[in-house]
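Some notes on the structure that comes next.
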């Protein structure tokens, strides 16, 4: 069988193979680019998440914000111990309003609550609070 | 394939023609040398083997000859032809090699030439003594009748194919070029499209600016380490705060919180309910928040607890 006999078909076949190669090239190139775009997007999301998490949980002003808990009740009702990045505070004889204010403040502070004990004593409340940041 | 194509009678005095599609050719005796032999062989391939020896001394040795053999009644017909000369001649008459599907010899259709076929004003093709020959028209007499050469002269079998001819081609050259052009255009389009498919430049620029602002976060390991550390804290602390918020909703007229303990793993709240209705309501709220409830020893006292 001579190839010359089928030269028309061979021309078409050759062109078809070139087209196929072009398609494969495009397909692989598009896939590679899409993969790269995904990686870039994932990196952006990670960086954003790190920034957001650090903004909340590694805020350098937390220590100052925690000090606000000292203003939640008269000084006579508070026993305050703040060392490095830890706080131990005891509140005694808080009325319901003071308790509400205190718990709302605690919930809004970006600290790790290690212990929160609230005990009712008659009409008043005693609170023991331990946290770190 | 070959039989559906046009059949052209080729002779030395033919006019130049123009063809678009491949054609079958019937050669007049001017293009071949014929010998009739009665040989004790059964198959054509066996007869073909001895063909060169039969033509020894008869053919010009400078030419390269090929041989065709076919059977006619009891005899074997041997045909010697010079394909190079034939194709060269055909080419000068506007029949290129690639347009030649199959070549037949006039002898293969001897019975059709019993009534002469006029080649030119002076010559005709006719079968004499079972052999197709070119004769002067004058030799046939004034009253001779002629038939027109057409596709009915096509033999049922036989013929030879030539290398480079269009016999087996499914496509004409024009069709092939048209298809090839379309395919190549598509191929080029795909390549250009692929090369132009750019990456998301806006996202890359955004990422670069983030890296410039936070160079420490360029490493994926660093990012993942920080995320793992703070995400754990974030999830746990949100759980604690959610639990406290849900518990605070259980405080209403008739339900008093007497004790609340929250640590790193669990929370526990004790409620003193004024009546069974209040107790039921606290239970429902706890259930809604998917907390566990247990009734305390003290009457109307309810403990709500859960894990963090």
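Evaluate the range B:109-119: report whether one residue or more is under 21 Å from residue B:19 (Cα atoms) and touching a strand residue (DSSP E or B) at 6+ places or on another chain (Cβ under 8 Å). Yes, the conditions are met somewhere in the range B:109-119.
Screening the range B:141-158 for residues that are touching a residue at least 60 places away in the same chain (Cβ under 8 Å) and assigned to a helix (DSSP H, G or I) and picking the one that is farthest from residue B:6 (Cα to Cα) gives B:153.
Could you say which residue among A:44, A:51, A:18, A:56 is within 9 Å of chain B (Cβ to nearest Cβ), touching a residue at least 12 places away in the same chain (Cβ under 8 Å) and in a helix (DSSP H, G or I)? Reasoning before the result, please.
Working: A:44 fails: touching a residue at least 12 places away in the same chain (Cβ under 8 Å); A:51 fails: touching a residue at least 12 places away in the same chain (Cβ under 8 Å); A:18 fails: touching a residue at least 12 places away in the same chain (Cβ under 8 Å).
When all the criteria are applied, what remains is A:56.
Residues being outside any strand (DSSP E or B) and more than 18 Å from residue B:170 (Cα to Cα): count how many of those fall in the range B:1-39.
Our first condition is that a residue be outside any strand (DSSP E or B); within the range B:1-39, this holds for B:1-6, B:11-22, B:28-31, B:38-39.
From the residues that got through so far, the ones that are more than 18 Å from residue B:170 (Cα to Cα) too are B:11-18, B:28-31, B:38-39.
The number of residues fulfilling the criteria is 14.
Here is a check on your reading of the model: is residue B:218 in contact with a helix residue (DSSP H, G or I) (Cβ under 6 Å, 6 or more places away or on another chain) and farther than 30 Å from residue B:281 by Cβ? So residue B:218 fits the description; yes.
Quick one: which strands (runs of 3 or more DSSP E) sit completely within the range B:86-140 and have at least 2 residues that are more than 16 Å from residue B:34 (Cβ to Cβ)?
B:100-105, B:123-128
Cβ-Cβ distances below 7 Å connect the following pairs, each with a first residue in the range A:108-131 that is outside any strand (DSSP E or B), a second residue that is surrounded by fewer than 16 Cβ atoms within 10 Å (Cβ to Cβ), and a separation of six or more residues or different chains: A:109/A:65; A:110/A:56; A:110/A:59; A:111/A:132. Inspection of the range B:138-160 identifies at least one residue that is within 14 Å of chain A (Cβ to nearest Cβ) and on the phi < 0 side of the Ramachandran plot.
Residues checked against (1) more than 14 Å from chain A (Cβ to nearest Cβ); (2) in contact with a strand residue (DSSP E or B) (Cβ under 9 Å, 6 or more places away or on another chain); (3) part of a helix (DSSP H, G or I):
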position	(1), (2), (3)
B:207	no, no, yes
B:228	no, no, yes
B:232	no, no, yes
B:283	yes, yes, yes
B:287	yes, yes, yes
B:293	yes, yes, no
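Does the range B:159-174 contain at least one residue that is at pLDDT below 90 and part of a helix (DSSP H, G or I)?
So in the range B:159-174, the residues at pLDDT below 90 come out as B:159-174.
Remaining after also requiring part of a helix (DSSP H, G or I): B:173-174.
Yes: the range B:159-174 contains one or more residues that are at pLDDT below 90 and part of a helix (DSSP H, G or I).
Residues of the range B:60-85 that are assigned to a loop (DSSP other than H, G, I, E, B) and either exposed (fewer than 14 other Cβ atoms within 10 Å of the Cβ) or in contact with a helix residue (DSSP H, G or I) (Cβ under 7 Å, 6 or more places away or on another chain) (or both): B:60, B:61, B:62, B:63, B:64, B:73, B:74. Which of the residues belonging to the range B:253-281 are assigned to a strand (DSSP E or B) and out of contact with any helix residue (DSSP H, G or I) (no Cβ under 8 Å at 6 or more places or on another chain)? Matches in the range B:253-281: B:256, B:258, B:259, B:261, B:263, B:266, B:268, B:270, B:272.
The set of residues in the range B:178-197 being more than 7 Å from chain A (Cβ to nearest Cβ) and assigned to a loop (DSSP other than H, G, I, E, B) is empty.
Within the range B:209-218, work out how many residues are within 7 Å of another protein chain (Cβ to nearest Cβ) and in a helix (DSSP H, G or I).
Here is the first cut: in the range B:209-218, the ones within 7 Å of another protein chain (Cβ to nearest Cβ) are B:210, B:214, B:217.
This time we only want the ones that are in a helix (DSSP H, G or I), so: B:210, B:217.
Qualifying residue count, the range B:209-218: 2.
With respect to the stated conditions, residue A:73 is more than 8 Å from chain B (Cβ to nearest Cβ), touching a helix residue (DSSP H, G or I) at 6+ places or on another chain (Cβ under 9 Å), within 30 Å of residue A:126 (Cβ to Cβ) and not in a helix (DSSP H, G or I).
The values are calculated or read from the model by the stated rules, or taken from the named source; none is laboratory data. As the structure is a computational prediction, the values presented were derived from the model and not from experiment. Note that each Cβ is placed from the backbone with ideal geometry, even for glycine, and that neighbours are counted across all protein chains shown.
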